[in-house]
Amino acid sequence: MDEDLTPILQKCVEWGALDARAIPTSSVAVGTWVRLKCQYGCPNYGQRLDCPPNTPGPDVMRQLLAEYKRAIILKLRRRDSYRPEWSGIVLKVERELFLGQFYRAFALGAGACGYCQAECVRQAGKCPKPQNIRPSAEGMGVDWFQTLSNSGWDVRVLVDRPEEGSVSYSLILVD
């Protein structure tokens, strides 16, 4: 089923992903509570173009998943904050899929995009990279713990966030 995605999965790792896996979209769990965690607890809520309330919610995510059969999960190294290179890898994979005739490929970000670092320029109405904006998977309600567990990853809550070694995930819908 996923042999046609093997070359892109290999490229993902070459481009800097720690791991890349093709999964059925039926493995992606969506919860309204995830969006609420963004609203009540995340400093990016209402501050960035790729975060709620500026992104579609869980109902749209469920509808979107119903239109696809497969997705790719990227495991990315988290350093100190959201990094533009994460968005770069995610967008590169999306484009490579598109050019490989997966014309419906659509990426969801790994948290906030990171291009503007501390402050998104949304307030000024001048995003420097509007072509790079993708909604965060969390903002659309993706329950990463359940999704990763459904996909064979061993995942647990970290009691303390290590300075190096923690990870982030991104989802790219394929077909």
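Within segment 93-107, the presence of a residue that is modelled with pLDDT under 65 and open to solvent by less than 20 Å² (accessible area, probe 1.4 Å) is excluded.
Results for (1) surrounded by 14 or more Cβ atoms within 10 Å (Cβ to Cβ); (2) modelled with pLDDT under 95; (3) on the phi > 0 side of the Ramachandran plot; (4) part of a loop (DSSP other than H, G, I, E, B), shown as yes or no for each residue.
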position: Leu91; (1), (2), (3), (4): yes, yes, no, no
position: Cys113; (1), (2), (3), (4): yes, yes, no, yes
position: Pro128; (1), (2), (3), (4): no, yes, no, yes
position: Glu138; (1), (2), (3), (4): yes, yes, no, yes
position: Arg156; (1), (2), (3), (4): no, yes, no, yes
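Of the candidates Leu49, Leu36, the single residue that is of a type in the set (A, V, I, L, M, F, W, C) and at pLDDT 90 or above is Leu36. Set side by side, the residues Arg21, Arg35 differ, and just one is out of contact with any helix residue (DSSP H, G or I) (no Cβ under 6 Å at 6 or more places or on another chain), charged (D, E, K, R) and either closer than 21 Å to Arg70 by Cα or open to solvent by less than 70 Å² (accessible area, probe 1.4 Å) (or both), which is Arg21. No other residue among Pro52, Pro56 is out of contact with any Cys (no Cβ under 7 Å at 6 or more places or on another chain), open to solvent by less than 60 Å² (accessible area, probe 1.4 Å) and in a loop (DSSP other than H, G, I, E, B) apart from Pro56.
Kindly indicate whether any position in segment 57-73 is hydrophobic (A, V, I, L, M, F, W, C), more than 21 Å from Val142 (Cα to Cα) and modelled with pLDDT of 95 or more. Checking segment 57-73: not a single residue is hydrophobic (A, V, I, L, M, F, W, C), more than 21 Å from Val142 (Cα to Cα) and modelled with pLDDT of 95 or more.
The values are calculated or read from the model by the stated rules, or taken from the named source; none is laboratory data. Since we're looking at a predicted model, the values are computed, not measured. Cβ atoms come from the backbone with ideal geometry, glycine included; neighbour counts cover every protein chain shown. In case anyone asks, the SASA skips ligands and DNA or RNA and just uses the protein heavy atoms, side chains included. Shrake-Rupley method; radii C 1.70, N 1.55, O 1.52, S 1.80 Å.
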